[in-house]
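Bear in mind these aren't lab numbers, they're just calculated from the coordinates by the rules spelled out. This is a predicted model, so every value here is computed, not measured. Using ideal geometry, Cβ is built from the backbone for each residue, glycine included, and neighbour counts are taken over all protein chains shown.
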Amino acid sequence: MSTLSYVVIAAAATVLIILAAYAIYLYLQLRAQKVRQHELEREYQNRRLSELEQAQKSIVILARALLGKDLNLTEACIRIAYLMNQVRETLDSNTEEVFSSADDLADLATRGNRTFHDIYPEHVSTVFFQVAEASAHIPILEAWGKLSHLQQLAYDRERAEIEAKFDEFVGVAVEQVLEQR
């Protein structure tokens, strides 16, 4: 073999070593990126689950406040409906989870793959949404303060009618929410 052959073989070997090193570098970069992505997804899921738990605790607190007459029925229903909507959105966003490991499946088993209606059956949640919808047009906060006394009285009368219409249904729904805890 000639010297030129050795030089060509050495150059080819050097190129192969450089390409192999670069391939290993890219593989390690990709692996590190996947680990970071998995950690971010876990953090996101943990945050969403924490938000879910907090919303559920707040619903129970509001239900107890309503039973204790610390909140009027309309205000409690508006707040509970808002929180239930958060719970629904959180659970809906978790329905398309992708599980890439046995750990993910174990997490699912401990959490349970529950839907909104598994936690709050439709006959329980609907009444809160109905009261919130029926009273949605009533001004609040600054807008309430800008109303005349007669307008406030008219809205108070309307709110009282809404509350009378739904009072029994809300009472049953609140009891069922508290029984689940």
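Computed from point charges on the beta carbon alone (+1 for Lys and Arg, -1 for Asp and Glu), the dipole magnitude for the chain about its Cα centre is near 660 Debye. The HN-Hα couplings worked out from phi for region 155-171 by the Karplus form 6.51 cos²θ - 1.76 cosθ + 1.60 (θ = phi - 60°) are 5, 4, 5, 5, 4, 5, 5, 4, 5, 5, 5, 9, 3, 5, 5, 5, x Hz, whole numbers, x standing for Gly and Pro.
Before anything else, pin down the relative contact order of the chain: Cα pairs under 8 Å, at least 6 apart, normalised by residue count, whole percent.
Rounded, it is 25 percent for the chain.
Kirkwood Rh over Cα pairs of the chain into Stokes-Einstein at 4 °C, 1.567 mPa s: D in µm²/s?
Working: Rh = 21.1 Å.
In µm²/s, the coefficient rounds to 61.
The slack in the chain from residue 31 to residue 92, taken as 0.36 nm per residue of separation less the alpha-carbon distance, amounts to 19.0 nm. Protection proxy ranking for 80-88, 66-74, using the average of other Cβ atoms within 10 Å per residue and placing the highest first: 80-88, 66-74.
Computed from backbone phi with θ = phi - 60° and the Karplus coefficients 6.51, -1.76 and 1.60, the 3J(HN,Hα) list for region 25-41 is 4, 5, 4, 5, 4, 4, 4, 5, 5, 5, 5, 4, 5, 5, 5, 5, 5 Hz; x is used for glycine and proline.
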